[in-house]
Amino acid sequence: MTAASDENTAPNRRPRLLLHVFGSDEASVTTGLQVARNAHHGFGSPSTIVLVIQGRAVQFVAAAAGLNDDIGTVVTLPGVSVVACGNSLRSVDVEPTNLASGVHHVPAAVVFLTQRQLDGWAYIRI
């Protein structure tokens, strides 16, 4: 290993990862959930992973959408959370109270993502 790679894998660096699903289909959300699981298991150490759902895809994290089991599996992993964009929820007429159990919402995904990236979080768009 090089000095640079040693520095990047130092045990005191807890990975902080933003996974961003922006789209309109259920498959994007399902893929995002799978990537969140894979990242959690792949890090092999404590990490913080936030799956951010934006656009029409937010309708698939509503309790009535049928992904409750997959969402439940992900949000019970230590350090992993799922958030939906409040602006997107309004655009598809989904109330935050109708989100699947464990899914939170933020007022604006763009602001949430920007703030985290400015704080040094890694970002991956799904």
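The values are calculated or read from the model by the stated rules, or taken from the named source; none is laboratory data. This one's a predicted model, so the numbers in the text were calculated from it and none came from an experiment. Positions of Cβ are backbone-derived with ideal geometry, glycine not excepted, and every protein chain shown enters the neighbour counts.
I'd like to check something: does the stretch 14-21 contain any residue that is among the aliphatic types (A, V, I, L, M) and under 18 Å from residue 89 (Cβ atoms)? There is at least one residue in the stretch 14-21 that is among the aliphatic types (A, V, I, L, M) and under 18 Å from residue 89 (Cβ atoms). From the list 27, 64, the lone residue that is farther than 24 Å from residue 117 by Cα, modelled with pLDDT under 95 and either under 10 Å from the mean Cα position of the chain (by Cα) or surrounded by fewer than 17 Cβ atoms within 10 Å (Cβ to Cβ) (or both) is 64. Here the condition is being within 19 Å of residue 126 (Cα to Cα) and of a type in the set (A, V, I, L, M); of 108, 64, it holds for 108 alone. For the stretch 62-86, a residue qualifies if it is within 20 Å of residue 108 (Cα to Cα) and either part of a loop (DSSP other than H, G, I, E, B) or not hydrophobic (A, V, I, L, M, F, W, C) (or both), and the qualifying residues are 81, 86.
Taken together, the residues in the stretch 74-126 that are surrounded by 18 or more Cβ atoms within 10 Å (Cβ to Cβ), in contact with a Lys or Arg (Cβ under 9 Å, 6 or more places away or on another chain) and within 19 Å of residue 16 (Cβ to Cβ) amount to 3.
Within the stretch 32-61, being in a helix (DSSP H, G or I) and not hydrophobic (A, V, I, L, M, F, W, C) holds for 32, 34, 37, 38, 40, 41, 42, 55, 56, 59.
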